[in-house]
Structure formats: C-alpha cells, structure tokens
1. Using only C-alpha atoms and all pairs of different ones, pull out the Kirkwood radius for the chain in Å with one decimal.
2. Suppose all protein chains stay in the model; what accessible area per residue would a 1.4 Å probe give for the chain, in Å²?
3. Could you please state how large a percent of the accessible area of the chain is carbon and sulfur, counting protein chains only and using a 1.4 Å probe?
Amino acid sequence: MQYKVEDEIKSRMKAVGLTVRDLANMLHEPPGTIGNRLNGYIPISFNQRRAILERLRVEESRKQLIENGEG
C-alpha cells in the first residue's frame, strides 16, 4: 500500500539542511525506515510527525536568525 509522500516535510528539510540521518537520530529509528516513511511506504505516526514538524520549526527559526545577522 502506498501512503502519502511527505513533499512538504522533504522540501522544508532541504531548505534548512536537515538530513534523514538527523531525523533518524532524533526518532531513534534506522535512516532507511525514516526515508520510507517520508516517501510514503510506511505511515508516519502522529507523534513522529509532531516531533519532525517541531524540529523543522526550530531549525527554520535558527536559520532565520542567522540570515538576519542576529545569531
């Protein structure tokens, strides 16, 4: 069964320089499993999605501070 490909998460990861390996370390899962979750082969649980989105929010705010010369 094919689930939804997480294009928004993948594009936000690319914009801030976050890798699948970084998410794998954060979620305590193998990088291949996280890659399969992002590509729609395995569903992402609510808690995993929330953790990923929170990490992306933090990284985006950090990147914004650096770009504004405040960080």
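The values are calculated or read from the model by the stated rules, or taken from the named source; none is laboratory data. Predicted model, so just to flag it, every value in this text is computed and none were measured. Just the protein is used for accessible areas: all its heavy atoms, side chains included, with ligands, DNA and RNA removed. Shrake-Rupley method; radii C 1.70, N 1.55, O 1.52, S 1.80 Å.
1. With all distinct Cα pairs of the chain included, I get 12.7 Å.
2. Value for the chain: 69 Å² per residue.
3. Details: 2570 of 4870 Å².
Solvent-exposed carbon and sulfur of the chain make up 53 percent of the total.
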